[in-house]
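The values are calculated or read from the model by the stated rules, or taken from the named source; none is laboratory data. Since this is a predicted model, take the numbers as computed values, not measurements. Here Cβ is always computed from backbone atoms with ideal geometry, including for glycine, and neighbour counts include all displayed protein chains. Side chains included, ligands, DNA and RNA excluded: accessible areas come from the protein's heavy atoms. Shrake-Rupley method; radii C 1.70, N 1.55, O 1.52, S 1.80 Å.
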Amino acid sequence: MFDPFIAPSGTLLGLLQRGRGDGTLHALAAPRPEALAALNHCVLSDPRHDWQVENRSLYYARLYLDLDGGVEEIERHLCHPDDHLDTDDSRTGLALSVLGHLASYGRDDALGLLRRYAATGANWAWALDELALRDDDAGLRSLAVPVLGRFPATARGAAELAAAVRDAYEPRPWRLWADDPREAVGARVRAASEQGSFDRWQRQMRPGGPRPGWSVQAVFDWAQQGIERGSALYVPAARCLSAVAGPDDRPAIVEAARSGPEGARCTALHHLAEIRDPAVLDLIEAAAVSPERPVADAAVAAFERMCGDEAVDRARRWARRPDALGTSAAGVLACRGGAGDAHLVLGALRDAVRGEGPDAPVLWTLVDGAGRLGIASAAPVLRHVYRETSSSHLRGRAARALAATDASFATGFAVECLWDCEETTREVAARHAETGDVRVAERLRRLAADPAEEAEVQTAVRSRIGPDAPAV
């Protein structure tokens, strides 16, 4: 999937793409055709950089309800000829999830479209998973014939059907179909289910990797074989090394960490970091400047896994380094440093935003650290990250950090966070938003009554509007 184009944060489209609460508030205030056009653009062109961890579907579904929007544009998108040419989940997954939420709110047009797409669309498995959570038994049973018709009555078709049954995220439809008295339905699904269980058993009986009795050198060789196959096995290899290595093997392991082949060196570094060997920090420092990128990356990763005081002490020396090890050291201080490390964390946070922008991966740890350490002077940078990042998860982390560092959060960003796309961000807002704002009181009541809202959010809401809470 290509990185999506994200509009500026001050525009309606940019706000909706980011999933910000202000996106909903601006859409409700904008002319309805303009708001629906921006909403459809987001749903049909997924704006998320990582759809597996960022939420948008409930956010967009709620806005469809508020705008009384139809599903005609979604239907045109799903039924386009490209559906069978571009079968990547990123093309249709968000639209299908939005339809699922709309169906849970009682929208029959969304439910009917999901059924039609499950019968004919390329991403039918996703649609079927949505229906498994929302449709009744009769609706699911009606899909048995069209879904099974995708798998020809051949050996290859039987194998593909077995894989589909085995890998189904929601098993409910398959269980219903297995009870179907028709030979072409129930018998096929039961046979596919049995084959999937047999395949799983076979994989368990043929484990790869280390065996009892392996030596340290055998573990190193296995890690090197992984490198040659394009698989980084040094983390599991380090765990194996912990099981087979004895005190007499330390010199060989230290030497491998200093100058061994790539697989052995990466494995040895991780192993020595896990056991907190006295020599490991110096070995990590030397490996971090290795011309072999996998070795340098493994050294940094090994350091990040260390949790002792000696690692924090060394991080204070490394935090100003202009390389990956310096960045990692600042992250260690953000997670485990003390109040005296606040200036180092703040410096790293500012440098990351200036040098890499508001979506830099390192910001996740540094933003958390600014909140953990209560760095009040970080609030302007955190507000910038909150406004500009295209990652709703990073924005949620910035909101939590602002709650701990910014005195204006309760009357500012916390209010719009009640409409945010991420449930964890809505939870923070429910605990902090100033209830003197009439919008806050009404929103809290609506969240409390919404059956689609997450339990954690509703718990936070009840702490503000329950019988023992101050009046809202």
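Please give the net charge around Arg182, taking every other residue with its beta carbon less than 15 angstrom from that of Arg182, where Lys and Arg add +1 and Asp and Glu add -1.
Every neighbour counted, the sum reads 0.
How large a share of the accessible area of the chain, in percent, is made up of carbon and sulfur atoms when the probe is 1.4 Å and the other protein chains stay in place?
Within the chain, the accessible surface is 53 percent carbon and sulfur.
I want to verify the translational diffusion coefficient of the stretch 382-472 in µm²/s; compute it with Stokes-Einstein, Rh as the Kirkwood radius over Cα pairs, at 25 °C and 0.890 mPa s.
In µm²/s, the coefficient is 189.
Looking at the P(r) of the stretch 316-472, how many percent of alpha-carbon pairs lie beyond 24 Å?
Taking all Cα-Cα pairs of the stretch 316-472, the fraction more than 24 Å apart is 37 percent.
Using DSSP to define loop residues, name the GluC sites (Glu not before Pro) in the stretch 401-457 whose beta-carbon has at most 15 other beta-carbon atoms within 10 Å.
Counting only loop positions with at most 15 other Cβ atoms within 10 Å, the GluC sites (Glu not before Pro) in the stretch 401-457 are Glu434.
What is the gain in length, in nm to one decimal, between Ser215 and Asp248 on full extension, counting 0.36 nm per residue of separation less the C-alpha to C-alpha distance?
That works out to 10.7 nm of additional length.
How far apart, in nm, are two points set 7 Å out from the Cα along the Cα-to-Cβ line at Leu133 and at Arg182?
2.8
Starting from the Cα of Glu442, move 7 Å in the Cα-to-Cβ direction to define the label point; list residues of the stretch 1-40 whose amide nitrogen is under 20 Å from there.
20-33, 35-36
Enter the accessible area per residue of the chain (Å², integer; probe 1.4 Å; all protein chains in place).
Using a 1.4 Å probe on heavy atoms only, each residue of the chain averages 47 Å².
Report the Cα centroid-to-centroid distance between the stretch 246-264 and the stretch 337-366 in angstrom, as an integer.
If we compute the Cα centre of each part, the gap is 34 Å.
Using only the Cα atoms of the chain, construct the convex hull and provide its projected area averaged over every direction, in square nanometres to one decimal.
27.2
Kindly report, to the nearest 10 Å², the accessible surface of His432 as traced by a 1.4 Å probe over protein heavy atoms only.
Number for this one is 80 Å².
Please report the orientation-averaged projected area of the stretch 291-400, defined via the convex hull of its C-alpha atoms, in nm².
6.8
What is the calculated FRET efficiency for Ala153 to Arg116, with r their C-beta to C-beta distance and R₀ = 22 Å, to the nearest 0.05?
0.35
From zero up to wherever the largest Cα-Cα distance of the stretch 238-336 sits, split into 5 Å bins and tell me the percent of pairs in each.
Distribution as computed: 2, 15, 28, 24, 18, 9, 4, 0 percent.
Please give the length that would be gained between Asp297 and Ser90 if that part of the chain were fully extended, namely 0.36 nm times their separation in residues minus their C-alpha to C-alpha distance (nm, one decimal).
That pair, Asp297 and Ser90, stretches by 71.6 nm at full extension.
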